[in-house]
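J.: One structure coming up, written as structure tokens, with questions to follow.
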Amino acid sequence: MAGKGPNSESGTIEVKGLTKRYRGVVAVDNLSFTVAPRRVTGFLGPNGAGKTTTLRMLLSLAAPSAGTATIGGYRYEELAEPLKTVGAMLDESGAHKSRTGRDHLRVQCAAAGLPARKADEVLDLVGLTPAARRRYGEYSLGMRQRLNLAQALLGDPAVLVLDEPANGLDPEGIAWMRELLRNFAAEGRTVLVSSHLISEVEQTADDLVIINRGRLVAQGATREVVSGLSRARRVRVRVSRTVDLEAALTSAGATVTAGVPGGEEVLLVSGLETAAVSSLAAAHGGELYELAEEKRDLEHAFLHLTGGEATIR
Amino acid sequence: MTGLIGSELLKLRTVRTWWTVGAAMAGTTLLMASWYCWQATNFMQPFEDYLAGAILTPRQDMSAEQIATMHRLWETQGDVGHIAATIYTSGQAVGLLLAGVLAVLLVTDEYQHRTLTATFLATPRRGRVIAAKLAVVVIASAGLWLVSTVVDLVVGTVFLTSRDVGLQLGSPDVVSAVLLNLAAYVVWGVFGFGLGVLIRNQVIATVTATALYFLTSVVVAFAFRAIHELVIEEDWVLKVQVIIPGVASQIMTTPGELFAGAPAQWTGAVVLVAYGLTAGLVGTVLLRRRDVV
């Protein structure tokens, strides 16, 4: 399976009933989801939701209290050639401060039975060649992230698992990372990328898995999950005959709240499409002063979904 | 497994530690060997000259017994085989500690620099990683011995040639002393490895290894003698001192009896290796269960 290039069976990540308890605290709670090849899957949740713990269990760095996490049907520790099967980029992964980035990668090559030239290839791929022979201790956060990514790419793996890869990258680096992930998925590989910011993965991810407090909150194609979140959107409307419109909206099934900003009454409508609100306003509202979709962005919806525990930045 | 050992060797070669410890080894050996050569010149003089240089008391005031004692000392210490063996094993007093500390660093660096994640991602079977480390500890300890021995051979060649006594490299006693020295380095490497795997914290493990190295018979003999005389008046009480690592090390490296009733040389080596492997094994069992952080 390993080394033969990506194929769908070897690339499917399957998490079943995964649970992790630390001395009375449940970090991951009976979590189940599937990650398919050829797609970028965003793994979302607020800080402390259990994303990293889940990924560490997937990579056999932490032992589950219950349940399983497999890659192509195998636990990570059972893989014959782990680096050629799965590339992982984890936040906590470090390197010896007095070892050069290149040597750090060559150490992994030797352990995984990969030729040493692979180290130079991946350094080139992540744009770290100029700093290849500098000591890790001198690296900036962004350079460390790139080295971390280079390490994940060493074995040309069918599956990529990335924990908060955007941390420490500048906007240019983030754009480059997105492109890279898209290309990887297009090549038929599985890409699982965690983040605590929905806006970060919204454009890149085909699928989303959202967790909170160690539990699954939502899972599915990004478009569906996002439109599900957006249904909570409100329409803001201001007309001359406020009372009439409010009655019409309510009888059409909408929830209406009235507010008086700047002395003029404004209706905040939820539960109806913007077009429906617009036609009702035309029929019953008299003169129309204002009609707008209130920008409750995805971040707020995500916040709502995760019980207000998501961090906004 | 070869790849894994290669990987661990590469880790050793690509950080400053190895080169620093290696240089320290070469420097100390040079100092210690040179200092011993200077000492040996005393024993290599004719007996009358040696006596005149060593003792302030005028010869006519010394008893025949005293003179006989001095003569025996001059004879054993002045033996060319003994001198050659001592030069060729010079640096040992510091070298064994360096081998132990290098082994500690080799293991605990993974915790210190948070590289265990990368290491276990490349090799999820943790027991194999530790086994490879043990192999590299043996290689590195032998490497330190080699550095020290090469310096010793250079100093010895210069000194012994200048004295016209020959290098003594064919003498079985000299060869066995040099090989015993190699074994001692490896034994201390294995001991340090065990401490590192079990303790994990670099500073604590290094301090522990150093403290145990200096906890020698000079320090503990008093306690054991007290037990022997006051509590259990059996001879095995004195032999039991070998369970103290520092004493075990001394017994291992001292030809003949370190003290009256001391156990055989090999027991010292066995005790240290047993400590190292037991600690390493317990540490590995714990490591396999623990989550990597």
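The values are calculated or read from the model by the stated rules, or taken from the named source; none is laboratory data. Please read all numbers here as calculations on a predicted model, not as lab measurements. Glycine gets a Cβ as well: all are built from the backbone with ideal geometry, and neighbour counts include every protein chain shown. Keep in mind that these areas ignore ligands, DNA and RNA; they rest on the heavy atoms of the full protein, side chains included. Shrake-Rupley method; radii C 1.70, N 1.55, O 1.52, S 1.80 Å.
J.: Shielding by partners for A:59-67, please: the mean number of other protein chain Cβ atoms within 10 Å of each residue's Cβ.
T.: The shielding value for this peptide is 3.
J.: Normalised by the number of residues in the stretch B:120-193, what is the relative contact order in percent for Cα pairs under 8 Å and 6+ residues apart?
T.: The normalised contact order for the stretch B:120-193 reaches 45 percent.
J.: One-quarter of the Cα convex hull surface for the protein assembly as shown, in nm²?
T.: Projected area, direction-averaged: 40.9 nm².
J.: Among A:L105, A:L153, A:L61, which one moves the most in a GNM of chain A with springs linking Cα atoms closer than 10 Å?
T.: Between A:L105, A:L153, A:L61, it is A:L61 that shows the largest mean-square fluctuation.
J.: Could you tally the net charge around A:R56, taking each other residue with its Cβ under 15 Å from the Cβ of A:R56, Lys/Arg +1 and Asp/Glu -1?
T.: In short, +2.
J.: Further, regarding this structure: Keeping the other protein chains in place, figure out the carbon and sulfur percent of the accessible area of the protein assembly as shown, with a 1.4 Å probe.
T.: Carbon and sulfur atoms account for 58 percent of the accessible area of the protein assembly as shown.
J.: If you don't mind, another one. Can you give the angle from 0 to 90° between the axis of helix B:217-226 and the longest principal axis of chain B, with both taken from C-alpha atoms, to the nearest 10?
T.: 80 degrees
J.: So, one more: Quick check: the distance between the Cα centres of the stretch B:179-216 and the stretch B:105-167, to the nearest angstrom?
T.: Centre-to-centre (Cα) distance: 13 Å.
J.: In addition: Ignoring everything but the protein chains, give the 1.4 Å probe accessible area of B:T89 in square angstrom, nearest 10.
T.: The accessible area comes out at roughly 30 Å².
J.: Once you've got the Cα coordinates, tell me which of A:K20/B:K133; A:K16/A:K118; A:K16/B:K133; A:K84/B:K133; A:K84/B:K11 are over 25 Å apart.
T.: Among A:K20/B:K133; A:K16/A:K118; A:K16/B:K133; A:K84/B:K133; A:K84/B:K11, the Cα-Cα distance tops 25 Å for A:K20/B:K133; A:K16/A:K118; A:K16/B:K133.
J.: OK, next. Just need the relative contact order of the stretch B:146-293 here, percent rounded to a whole number, with Cα pairs under 8 Å and 6+ apart.
T.: Once divided by the residue count of the stretch B:146-293, the mean separation gives 26 percent.
J.: Is it possible to state the helix-based mean residue ellipticity at 222 nm for chain B, with each DSSP H run of 4+ residues giving -39500 (n - 2.57), the sum divided by total residues, to the nearest 500 deg cm²/dmol? What is it?
T.: Dividing the helical sum by the residues of chain B leaves -25500 deg cm²/dmol.
J.: Pop out the ³J(HN,Hα) list for the stretch A:200-216 in order, Karplus 6.51 cos²θ - 1.76 cosθ + 1.60 with θ = phi - 60°, rounded to Hz; leave Gly and Pro as x.
T.: Rounded to whole hertz, the list is 6, 10, 3, 7, 8, 7, 7, 10, 10, 10, 10, 10, 8, 6, x, 10, 6.
J.: Still on this model: Compute the distance in nm between two label points, each set 7 Å from the Cα along the Cα-to-Cβ direction, one at A:L141 and one at B:H71.
T.: 8.1 nm
J.: Which is farthest toward the positive dipole end of the protein assembly as shown among B:L230, A:G286, A:F43, measuring Cα position about the Cα centre, with Cβ charges +1 (Lys, Arg) and -1 (Asp, Glu)?
T.: A:G286
J.: Related question: Please calculate the 1.4 Å probe accessible area of A:S251, with all protein chains present, and give it to the nearest 10 Å².
T.: 100 Å²
J.: What is the projected area of the convex hull of the Cα atoms of chain A, averaged over all directions, in nm²?
T.: The directionally averaged projection comes out at 19.7 nm².
J.: With a sphere of radius 12 Å drawn around the Cβ of B:L105, what net charge do the other residues whose Cβ falls strictly inside it have (Lys, Arg +1; Asp, Glu -1)?
T.: That works out to +1.
J.: Can you give the calculated 222 nm mean residue ellipticity of chain A, where each DSSP H run of n ≥ 4 adds -39,500 (n - 2.57) and the sum is split over every residue, rounded to the nearest 500 deg cm²/dmol?
T.: Mean residue ellipticity at 222 nm (helix-derived): -10000 deg cm²/dmol.
J.: Just need the relative contact order of chain A here, percent rounded to a whole number, with Cα pairs under 8 Å and 6+ apart.
T.: 21 percent
J.: Also, quick follow-up: For the stretch B:28-140, just the Cα atoms, rotate onto the principal axes and tell me the three extents in Å, largest first.
T.: 77, 22, 22
J.: To the nearest 10 degrees, how steeply does helix B:126-162 sit against the main Cα axis of chain B, on a 0 to 90 scale?
T.: Taking the Cα atoms of chain B, the angle to B:126-162 is about 30 degrees.
J.: Can I ask one more? From zero outward in steps of 10 Å, how is the percent of C-alpha pairs of the stretch A:61-117 spread across the bins?
T.: So the P(r) values, bin by bin, are 18, 43, 30, 9, 0.
J.: Sort out for me the Cα centre separation of the stretch B:224-248 from the stretch A:157-200, rounded to whole Å.
T.: First find each Cα centre; the distance between them is then 65 Å.
J.: With a bin width of 5 angstrom, please list the P(r) values of the stretch B:90-156 as percents of all Cα-Cα pairs, from the 0 bin to the one holding the largest distance.
T.: Histogram of Cα-Cα distances, whole percents per bin: 4, 16, 21, 20, 14, 10, 8, 5, 2, 1.
J.: If you find the alpha carbon centre of the stretch B:4-81 and of the stretch A:20-49, how far apart are they in angstrom?
T.: 65 Å
J.: From largest accessible area down, sort B:Y275, B:Y111; use a 1.4 Å probe on the protein chains.
T.: The ranking, largest first, comes out as B:Y275, B:Y111.
J.: Here's another thing I want to ask about it. Taking the radius of gyration and the Kirkwood hydrodynamic radius from Cα positions alone, what is the Rg/Rh ratio for chain B, to two decimal places?
T.: A ratio of 1.05.
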